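The values are calculated or read from the model by the stated rules, or taken from the named source; none is laboratory data. Note that the structure is predicted; figures quoted are calculated from it, not measured. Because the Cβ atoms are built from the backbone with ideal geometry, glycine has one as well, and the counts that use them run over all protein chains shown.
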Amino acid sequence: MIENRNFYINGAWVAPAKSRDFEVIDPSTEDVCAVISLGDQADTDAAVGAATAAFPAWAATPPAERAKYVSAILDQYEARKEEMAKAISLEMGAPIDMARDSQAPCLPWHLKGFLTAFDEIEWIRPLGPHAPNDRIAMEPIGVVGLITPWNWPMNQVTLKVIPALLAGCTIVLKPSEEAPLSSLLFAEFVHDAGVPAGVFNLVNGDGAGVGSQLSRHEDVAMISFTGSTRAGKAISAAAAETLKRVTLELGGKGANVVFADADEKAIKRGVIHCMNNSGQSCNAPTRMLVERSIYDQAVETAAEIAGKIGVGPASEPGRHIGPVVNKSQWGKIQDMIEVGIKEGARLVAGGPGLPEGMNKGYYVRPTVFADVDNQMRIAREEIFGPVLSIIPFEDEKQAVEIANDTPYGLTNYVQSQDGAKRNRMARALRSGMVEMNGQARGAGSPFGGVKMSGRAREGGVWGIEEFLEVKAISGWSGEAS
């Protein structure tokens, strides 16, 4: 069993001010796999103090030098990427092949993208030809508190820490206490990359403790949070006391609109995408909207595909899905499956209870409901498990109405061979992202939503600029400084 109770503060591993042990559970076995400590106010204050002291020098560090430190973090990952994959698989249940192929590689994918975007930033730029002596300066906002989730741990840590470093901010990271092992390893990467003391700090803790302390702290200039909409509201309220910037990447209830002219793999692609990572992705296409003329066949195909998806331990190789993260999450998903049945949706695959042959671990049967009405709870609430709701529609207009009838607005999906129709749908759908015909968004594309999905934009130039302030200057001299 792993024991790592220390925090990374001011360039060193330090013991917590007060002992508060927390057991990390392996969701595949329900056994304790690690013990960490949860931070207290004194730990948060120490980390913020270190970041505050380090900020002036780091902000003044030339951008090219900051980029060299970030590149050195990438070198550390490449040398230890198998350790990272195993840590993620153990802590949150991603099957080991997925952890190696999808979860851990989020770090190099985003890091390289940020380095490319970094070269595009003009730190001091002219306002325009009408004001030849005006300049716009882009400057780091200050100390930032970064609060990350357990479902894609390295994806979110990289999307926050790397642009903050490049922007010239200093950092206090609070990873999810449910999945802290990968972030502790990441802190080792930062240390071994030689990032100056105090620039990056890590304090483990829960949302009510360290999360709230960072949100209220008067020396923290910005909070960047990824997690539930409920927690995002609480963070916004706490942060309002100090008028700090808050960027939120929250939940989703993505619509996958499948037209009659969609390609033959559209249904299979949609089901697998929904079930990927055991359904624990905020951008999962959990509502499949299907044109009426192909609806019956689509339901049959979706049920067949879901029935073939294997479920098994994270430690085993293969293309199966693993457990969900913990007992509480498993219980919530089971409750929502029961809600769907009671609401009158037609259960065509999966259902409540553990998969056949399993009596331990937080495993969920890949579940598909047909004949879902968009007002049902299973269509309106984020379940965060491998549960798909299929809804029929008559025409393009109704498809847009159903897709947009949700409090969320993160990612929507469109499947059609008609390019003009796809373009119309992309513009009409109320979401921060639209993906069509299975084509992923390119490197540097911003990730984020609208409405109750929050309004952060992570990735590329937009992700770096989230951590920058705009300063307007008049009377700028052309003389060299």
Residue check: is ALA426 surrounded by fewer than 24 Cβ atoms within 10 Å (Cβ to Cβ), among the small types (Gly, Ala, Ser), closer than 28 Å to GLU264 by Cβ and in contact with a helix residue (DSSP H, G or I) (Cβ under 8 Å, 6 or more places away or on another chain)?
-> no
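For every residue, the table says whether it meets (1) assigned to a strand (DSSP E or B); (2) outside the structural domain of VAL144 (by TED's automatic domain parsing); (3) touching a residue at least 40 places away in the same chain (Cβ under 8 Å); (4) among the hydrophobic types (A, V, I, L, M, F, W, C).
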{"site": "GLU23", "(1), (2), (3), (4)": "yes, no, no, no"}
{"site": "ALA34", "(1), (2), (3), (4)": "yes, no, yes, yes"}
{"site": "GLY39", "(1), (2), (3), (4)": "no, no, yes, no"}
{"site": "THR52", "(1), (2), (3), (4)": "no, no, yes, no"}
{"site": "PRO56", "(1), (2), (3), (4)": "no, no, no, no"}
Note down all Cβ pairs under 6 Å where the first residue falls in region 460-473 and is outside any helix (DSSP H, G or I), the second is among the basic types (Lys, Arg), and they're at least six residues apart or on different chains.
-> ILE473/ARG135
Considering region 136-167, residues that are of a type in the set (Gly, Ala, Ser) and crowded, with 24+ Cβ neighbours inside 10 Å, and then whichever is farthest from ALA284 (Cα to Cα), we arrive at ALA167
How many residues does region 79-88 hold that are under 24 Å from PHE447 (Cα atoms) and either surrounded by 24 or more Cβ atoms within 10 Å (Cβ to Cβ) or at pLDDT below 95 (or both)?
-> 2
Count - residues of region 435-454 that are within 13 Å of the chain's Cα centre (by Cα), part of a loop (DSSP other than H, G, I, E, B) and touching a residue at least 60 places away in the same chain (Cβ under 8 Å) = 3
Of the residues GLU65, GLU82, which single one is in a helix (DSSP H, G or I), over 26 Å from TRP152 (Cα atoms) and charged (D, E, K, R)?
-> GLU65
Among ALA164, ALA137, which is part of a helix (DSSP H, G or I), in the same structural domain as GLY463 (by TED's automatic domain parsing) and more than 15 Å from the chain's Cα centre (by Cα)?
-> ALA164
What number of residues within region 94-133 satisfy the criterion of being in a loop (DSSP other than H, G, I, E, B), more than 16 Å from the chain's Cα centre (by Cα) and of a type in the set (Gly, Ala, Ser)?
-> 2
In this structure, does ILE141 turn out to be under 22 Å from THR226 (Cβ atoms), touching a residue at least 60 places away in the same chain (Cβ under 8 Å) and in contact with a helix residue (DSSP H, G or I) (Cβ under 6 Å, 6 or more places away or on another chain)?
-> no
